[in-house]
Amino acid sequence: MNLSDSQTAGDVPRRISALEAVLTHLRGAIERGDYAVGEKLPSEAELCRRLEVSRPVLREALRALQTMGLTVSRTGKGTFVLSNGPVEDPTFGDYSASDLLEVRRHVEIPVAGYAALRRTPEDLDHLSHLLERMEQETDTTAWVAMDTLFHLAVAQAAQNPVFRRVIEEIRDALARQSAFLNELGGRREQSNREHRAIVEALLDSSEHDAVEAMTHHLARVESTLTTIVRPPHQSGAYERLGPKNLEPKNTERNSNENTES
């Protein structure tokens, strides 16, 4: 079975990406104990063969597992199970998600308000042009790069170099978080709408609307992250997306079962 054909359950089924399906399957296997803490996962080639996905998709899934703190990658040795969960606080680069969100709430929300009052015509032109490009972009990597530029541009519009320096410091973490949310949470279109609300508030010089728009944006980031990290009814989802022929196959552990069958 090709995992890219999987769908989520619900009143209106949403087709999920191969990445989401592979991540859900591997995460479920780890959290169920099919792969023990300290155990090495099968090679990339073996996992690609079993799950019928490309190596880039598999590598993204493995990176997501590492972000969640479930695995660790050791150069030249492979990927090993670090924890069987539950996932509490993913790490993006040098910062945990909770630390990153706390700082963003205390910095980016007031910065948006200052930007609404202090932005220049050049700032507005830059943000509007950047937003138009983001709304037309379909490549996740390119979109993520522009996402970080957008938040830098809002900080720049506040006309305080310290604000921009703070966003520069967390820029890599922002990019990693953005990629994580877009690949696994389908955030791109919603983010574009939230970004447009921020730009419109700046165009109107409305401090109140800018603060509200950025507050809403960060709240949606947090809620999407929570949904990915602690999905509802996750055990059922693992069962739906983990067909029998795709279950982990530890050769030594399953050799007797294979012989008997």
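The values are calculated or read from the model by the stated rules, or taken from the named source; none is laboratory data. Since the structure is predicted, the reported quantities are computational estimates derived from the model, not experimental observations. In this analysis, Cβ positions are derived from the backbone assuming ideal geometry, glycine residues included, and neighbour counts consider all displayed protein chains. Only protein heavy atoms, including side chains, enter the accessible area calculation; ligands, DNA and RNA are left aside. Shrake-Rupley method; radii C 1.70, N 1.55, O 1.52, S 1.80 Å.
Rundown of residues vs (1) of a type outside the set (Val, Ile, Thr); (2) in contact with a helix residue (DSSP H, G or I) (Cβ under 7 Å, 6 or more places away or on another chain); (3) closer than 23 Å to residue 17 by Cβ, yes/no style:
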site: 175; (1), (2), (3): yes, yes, yes
site: 200; (1), (2), (3): yes, no, no
site: 203; (1), (2), (3): yes, yes, no
site: 209; (1), (2), (3): yes, yes, no
site: 218; (1), (2), (3): yes, yes, no
site: 222; (1), (2), (3): yes, yes, yes
site: 226; (1), (2), (3): no, no, yes
site: 229; (1), (2), (3): no, no, yes
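All of 101, 41 fail the test of being modelled with pLDDT of 90 or more and under 15 Å from the mean Cα position of the chain (by Cα), apart from 101.
Of all residues in segment 36-56, which are in contact (Cβ under 8 Å) with a residue 40 or more places away in the chain and closer than 15 Å to residue 25 by Cβ?
Residues of segment 36-56 in contact (Cβ under 8 Å) with a residue 40 or more places away in the chain: 36-42, 50-53.
Those that are in contact (Cβ under 8 Å) with a residue 40 or more places away in the chain and closer than 15 Å to residue 25 by Cβ: 41, 42, 50, 51, 52, 53.
Only one of the listed residues (179, 153, 142, 158) is on the phi < 0 side of the Ramachandran plot and touching a residue at least 40 places away in the same chain (Cβ under 8 Å). That residue is 158.
In segment 130-154, the residue that is most open to solvent (accessible area, probe 1.4 Å) out of those that are among the hydroxyl-bearing types (Ser, Thr, Tyr) and either part of a helix (DSSP H, G or I) or at pLDDT 95 or above (or both) is 141. Picking from residues in segment 63-100 that are assigned to a loop (DSSP other than H, G, I, E, B), closer than 13 Å to residue 177 by Cα and of a type in the set (D, E, K, R), the one that is most open to solvent (accessible area, probe 1.4 Å) is 94. Taken over segment 177-199, the residue count meeting the criterion of being modelled with pLDDT of 95 or more and open to solvent by 20 Å² or more (accessible area, probe 1.4 Å) is 3. Close Cβ contacts (under 8 Å, 6 or more residues apart or on different chains) running from residues in segment 94-109 that are within 13 Å of residue 155 (Cβ to Cβ) to residues that are modelled with pLDDT of 95 or more and of a type in the set (Asp, Glu) are absent.
Annotation note: Cβ proximity below 6 Å between a residue of segment 189-207 that is free of Cβ contacts under 8 Å to residues at least 24 places away in the same chain and a residue that is open to solvent by less than 50 Å² (accessible area, probe 1.4 Å) (sequence gap 6+ or interchain) occurs for 197/213.
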